[in-house]
Amino acid sequence: MNKSPQTANTRTPMKKPFYKTKTAFFLGAVALALVLSVIICFLADDAFALTAEDGEVTLVFTETASAGEAAKLLKSEGLIGSKLWFRTYLRIRGRKLTVSPGTYTIRRSAGFDGIYYALSKPGK
């Protein structure tokens with residue numbers, strides 16, 4: 001009988017692509033957490049006026065304004081950084097804002113809650 005050398009049917013294990021490794025998953029999770037942390041810091045700074053300058057701003061509304069119209073003026077005066085975030089914050093807090101005609105003085109360090117309370121009262 002002719003004996004042929006037995007060939008081992010063993011394969012060298014294929015190396016996993018990097019994106020399928022635990023290390024890649026961990027690095028991705030850390031990167032995502034860092035990005036989300038930075039976004040949250042910016043949103044919190046805008047909502048709570050953490051790094052706001054001192055001073056006051058006087059706003060004049062000649063007619064009744066909605067939250068969106070007020071946000072537009074607030075952004076142009078530098079009191080808020082994002083009109084969308086201001087309106088979303090009010091919605092999350094369950095607050096409806098309609099600004100009556102008048103003159104309002106708002107501190108730059110008021111934050112979203114301070115702005116809301118200042119604009120909720122009738123203007124002078």
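With each run of n ≥ 4 DSSP H residues scored as -39500 (n - 2.57), what mean residue ellipticity at 222 nm is computed for the chain after dividing by its residue count and rounding to the nearest 500 deg cm²/dmol?
That comes out to -15000 deg cm²/dmol.
Length gain on complete extension for the stretch Lys124 to Val30, per 0.36 nm per residue less the alpha carbon to alpha carbon distance? Mind dumping the intermediate values first?
On the way: separation 94, 0.36 × 94 = 33.84 nm, distance 5.07 nm.
Length gained, Lys124 through Val30: 28.8 nm.
For Cα pairs less than 8 Å apart in space and 6+ apart in sequence, what is the mean separation divided by the residue count of the chain, i.e. the relative contact order in percent?
Normalised by residue count, the contact order of the chain is 28 percent.
Suppose the chain between Arg91 and Thr23 were pulled fully straight at 0.36 nm per residue; how much longer would it get relative to their current alpha carbon spacing?
That works out to 20.5 nm of additional length.
Just grab the label-to-label distance for Val57 and Asp113, each label 7 Å out from Cα along the Cβ direction, in nm (one decimal).
2.0
Taking the chain as a Gaussian network, where each spring joins two C-alpha atoms under 10 Å apart, which residue of Ala71, Ala24, Ala47 fluctuates the most?
So, out of Ala71, Ala24, Ala47, the one fluctuating most is Ala24.
For Lys72 and Cys41 in one chain, what is 0.36 nm times their gap in residues minus the Cα-Cα distance, to one decimal in nm?
That works out to 8.9 nm of additional length.
Just tell me which lysines come within less than 30 Å, Cα to Cα, of Lys72; anything on the same chain fewer than 8 places away is out.
Within the straight-line limit of under 30 Å, Lys72 reaches these lysines: Lys83, Lys96, Lys121, Lys124.
Over the Cα atoms of segment 1-112, what Rg and Dmax result, in angstrom?
Over segment 1-112's Cα set, Rg and Dmax evaluate to 29.0, 108 Å.
Would you mind counting up the charge near Ala49? Only other residues with Cβ under 12 Å from its Cβ, with Lys and Arg at +1 and Asp and Glu at -1.
-3
Run through every distinct alpha carbon pair of segment 46-120 and return the Kirkwood hydrodynamic radius in angstroms, one decimal place.
12.1
When the chain is treated as a GNM, springs tying every alpha-carbon pair under 10 Å, which of Thr103, Thr58, Thr12 comes out with the largest mean-square fluctuation?
Greatest mean-square fluctuation among the candidates belongs to Thr12.
Coordinate-derived values only; no laboratory data. Quantities reported herein were computed from a predicted structural model and do not represent experimental measurements. Counting neighbours? That spans all protein chains shown, and the Cβs are built from the backbone with ideal geometry, glycine included.
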